[in-house]
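FYI, it's all coordinate maths here, none of it is from the lab. All figures in this text were calculated on a predicted structure; none of them were measured in a lab. Here the Cβ positions follow ideal geometry from the backbone for every residue, glycine too, while neighbour counts run over all protein chains shown.
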Amino acid sequence: MKENKELKKFYNTFSKELLGLQRGSLDVRKRKSPLFKILDAKSDSIDSETLKKAFDTHQQISMARNLTFNGFFIYSFSIFERFLDSITKYLIEKDEEVGKRYENKFDEYMTDEIGSIKNRNETKSIISRMRQTDPIEFYDDLQAKDKIFSFSKYLFQVNEDDEYYKYAKFRFTEARLRRNMIVHRGTKADAKYKSLLKDETSPKEYKKFINSVYTFQNLVPVRGKDNKLIEQNERNITDLSITPNYLRQTLLEILYIGTSFYISAVKEVDISSKVIPLMEATLDFKNRAYLMTATQILKINFKNKSKKDLLNINDDDKINFIVSMHCLIGKKGLNDSDYKTYTALNNDYKDLLMDSFEDKRLADLAAGYVNKDIKKILNALEDIKKNGLISEDELKKINKNKKKKLPKSIIKESGIDFLKSNSRSFFFKSARFIRTNKQIKDFFNKKELKMNRQIKISRKSKND
């Protein structure tokens, strides 16, 4: 089924709420304890009453932080499950392929129910009732039997072969088990949590990914026998309270898994609308974790596509992928494993994508960024501004079934529109040599690029 307004609404709510939790967690972290201010002053004359008040406030702030991080973490799974439930119900009703798979699940469920009946006299009446009832009425029963994750995964035919997906799924599974533990049993790492994690993952994946969960930044300090704070490590896990770093990683894994499901189920997805918010978050939060997730989402769209297939991918997505990869591997900070992963990914796709641009001026923009060639970027920008992105042949195709034809002036507007939207997008913000370059700044300060967007939109709507 093609992406539509209803599906976009489900997805946008899902992604905005997850990023909203991250923004909220950062706001909580900004509240500073007065105790640190007193200790930093290094004064010899601190009265006991002032110190006691500062210590009490410090404890209140610490408790509020812990409750907030744990609460946001727990709520993130509600966001995921609500999103998955919404698109699953919608696609069962609207998408023929998903509907057929649901009917297969219903047949299995009906067979199991009939097989469990001990009184044979009841069999006919139960079969009759189930056949006369709309199968969608049994949705809750079917979903409860398989759980929403496995149920939707089957209906959407999600491909789980990708290595990063396996990593993200492991992290998601661990987080889900931790969420259940915190809700029902508290933050202490118990035997049930540990055994379930091993049971729900293969020994190979457990061994491969477990150390990525119990990192220094993902573990809170705990008090030892002498009541002093000590750092936890992967060999001695006791308290699994949520840290800011672990919360961010969990939100991104949930967003990635949810997007994987969405892209598997929905056809012709506007990938740019999914990754640009993450790219902007990279800049807003000054953390490349969002960019890494955006890159992996872009990869879903490229995976297993031939060179011919790549022509059908939006050129904006190609630019953002190339620039994102260059930004990731071109700066310090990646560990050796991540550097090798993203370098290999870049090598797999960069040349193919460069060759597949429908509009070669956009390829020049990407090449100009990667090679730090300001002149090449400016030439491409000027050409787009002057001549637009839509060709006359493309305009004819657009006008083919329209009663009111779009005018040729829309060709130039298409270029202006592209430049205005992308002057604020990732690939013109992400590199210092572009961000601080006077010529590019001057280009985007031109009067025609500051045209009131509302006027342009209303003009276009009149022509439709």
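Tabulated data for the structure shown
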{"quantity": "The chain, helix-only ellipticity at 222 nm - DSSP H runs n ≥ 4, -39,500 (n - 2.57), divided by all residues, nearest 500", "calculated": "-23000 deg cm²/dmol"}
{"quantity": "Whichever aspartates and glutamates have a C-alpha closer than 18 Å to that of LYS194, once near sequence neighbours (fewer than 8 apart) are set aside", "calculated": "GLU174, GLU205, GLU234, ASP239"}
{"quantity": "Neighbour net charge for GLN249 - beta-carbon separation under 11 angstrom, K R +1, D E -1", "calculated": "0"}
{"quantity": "Residue pairs, from the table LYS402/LYS446; LYS274/LYS441; LYS2/LYS153, whose Cα atoms sit over 22 Å apart", "calculated": "LYS402/LYS446; LYS274/LYS441"}
{"quantity": "Fraction of alpha-carbon pairs over 25 Å apart in the range 271-463 - percent", "calculated": "40 percent"}
{"quantity": "Structure-derived P(r) over Cα pairs in 10 Å bins from 0, in percent - corresponding label in [x] 3, 15, 23, 23, 17, 11, 5, 1, 0; [y] 4, 19, 27, 23, 14, 7, 3, 2, 1, 0, 0; [z] 4, 20, 30, 26, 13, 5, 1, 0", "calculated": "[x]"}
{"quantity": "Cα pair distances of the range 333-374 binned at 5 Å [whole percent]", "calculated": "6, 20, 21, 20, 18, 11, 5, 0"}
{"quantity": "Residue exposure sequence - MET279, MET292 - by fewest surrounding Cβ within 10 Å", "calculated": "MET292, MET279"}
{"quantity": "Of the GluC sites (Glu not before Pro) in the range 215-263, those whose Cβ has at most 16 other Cβ within 10 Å and which sit in DSSP loop", "calculated": "GLU231, GLU234"}
{"quantity": "Sequence ranges 359-370, 88-99, 183-194, ranked by mean other-Cβ count within 10 angstrom, highest first", "calculated": "359-370, 88-99, 183-194"}
